[in-house]
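Trainee: Got a structure for you, written out below as structure tokens; questions coming shortly.
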Amino acid sequence: MNKLHFYGKGLLIRLLHERILVFGDLHLGYAEGASGLGNLISKHSFEQTKNEFKEILEATGNVDKIVLLGDIHHQFADTSQESKRYLDAILDFLLQKSKEVIITLGNHDAFLSRMTLDPRVLLCRAYEREGYLFFHGDKNLPEMQDKKTHTWILGHFHPAVRLKDNVSTESFKCYLIGKFQKKQVIFMPSFFGDIQGSDPREYPFHTPFKVKLDNYQVRVINKGVETLDFGSLKEL
């Protein structure tokens, strides 16, 4: 039975006794920071993020757990009280659709440890279920070498590919799926929509584990929850 199911920017994993839905970096407040509005999350960003979650969860149905792969807020510094209310509201929404939310802490997430969170929200550097290891991806972790782990699922790198035709060039968020030292590796697309991400053919990923991505399979995010298999990265 295929355990991995792709729903747009969400990856659903069907295990024996539970279903886990995984999302990449949220970077809430990215657009506001880029526009010079400072360290905040606007109502627009909140609504946009919530609506995208809603679309994916309408396709998957409720799940047992939701894993967020870190970099929840774009700014490194502590955030405003209004922004914290929006963060709480997003987590509350996700907890209506799942029993637990797990956040694997990223390099932007120091402020989360200073927030009072719902007890059903777990903060950790890595999370493992039935051989699947979830982590942000900015550094090597001891858990990555655990022999019972067969699959790494990580964020941080925001994979995208630039596709060309005779008229134009367009960038698309994507998953990259391949092998490293006998483990399956899945690079998750970023969740925030303000930029597509980085094409590793143009901007090499400086991963803490030295992986070659040429043979990795590319699954492009199309419209809505549709994804498309584009073959290997080197063949694009």
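Trainee: Within region 176-204, count every residue that is among the aromatic types (Phe, Trp, Tyr), out of contact with any Pro (no Cβ under 6 Å at 6 or more places or on another chain) and at pLDDT 95 or above.
Mentor: Start the filter on region 176-204 by keeping residues that are among the aromatic types (Phe, Trp, Tyr), which leaves 180, 187, 191-192, 203.
From the residues that got through so far, the ones that are out of contact with any Pro (no Cβ under 6 Å at 6 or more places or on another chain) too are 180, 191-192, 203.
Next, from what is left, pick out any that are at pLDDT 95 or above: 180.
Number satisfying all stated conditions: 1.
Trainee: Consider region 125-184. How many of its residues are assigned to a strand (DSSP E or B) and of a type in the set (Gly, Ala, Ser)?
Mentor: The total comes to 4.
Trainee: Across region 134-170, which residue is modelled with the lowest pLDDT among those that are in contact with an Asp or Glu (Cβ under 6 Å, 6 or more places away or on another chain) and within 19 Å of VAL67 (Cβ to Cβ)?
Mentor: Checking each candidate, the answer is HIS156.
Trainee: Taking region 111-151 on its own, how many of its residues are without any contact (Cβ under 8 Å) to a residue 12 or more places away in the chain and farther than 25 Å from SER98 by Cα?
Mentor: As a first pass, look at region 111-151 and keep what is without any contact (Cβ under 8 Å) to a residue 12 or more places away in the chain: 113, 116, 119, 142, 145, 147.
Okay, now just the ones that are also farther than 25 Å from SER98 by Cα, so 142, 145, 147.
So the count comes out to 3.
Trainee: Among TYR175, TYR203, which is the only one that is of a type in the set (Ser, Thr, Tyr) and within 13 Å of LYS9 (Cβ to Cβ)?
Mentor: TYR175
Trainee: I want to confirm something. Restricting to region 151-172 and keeping residues that are surrounded by 23 or more Cβ atoms within 10 Å (Cβ to Cβ) and of a type in the set (Gly, Ala, Ser), which single residue is farthest from the chain's Cα centre (by Cα)?
Mentor: ALA160
Trainee: Please specify each residue of region 186-236 satisfying the condition of being under 21 Å from HIS136 (Cβ atoms), part of a loop (DSSP other than H, G, I, E, B), in contact (Cβ under 8 Å) with a residue 60 or more places away in the chain and among the hydrophobic types (A, V, I, L, M, F, W, C).
Mentor: MET188, PHE191, PHE192, ILE195, PHE209
Trainee: Might you check whether a residue that is on the phi < 0 side of the Ramachandran plot, of a type in the set (Lys, Arg) and touching a residue at least 40 places away in the same chain (Cβ under 8 Å) occurs anywhere in region 164-185?
Mentor: Yes; the residues of region 164-185 include at least one that is on the phi < 0 side of the Ramachandran plot, of a type in the set (Lys, Arg) and touching a residue at least 40 places away in the same chain (Cβ under 8 Å).
The values are calculated or read from the model by the stated rules, or taken from the named source; none is laboratory data. For clarity, every value in this text was computed on a predicted model and none was experimentally measured. With ideal geometry, Cβ positions are generated from the backbone for all residues, glycine too; neighbour counts draw on all protein chains shown.
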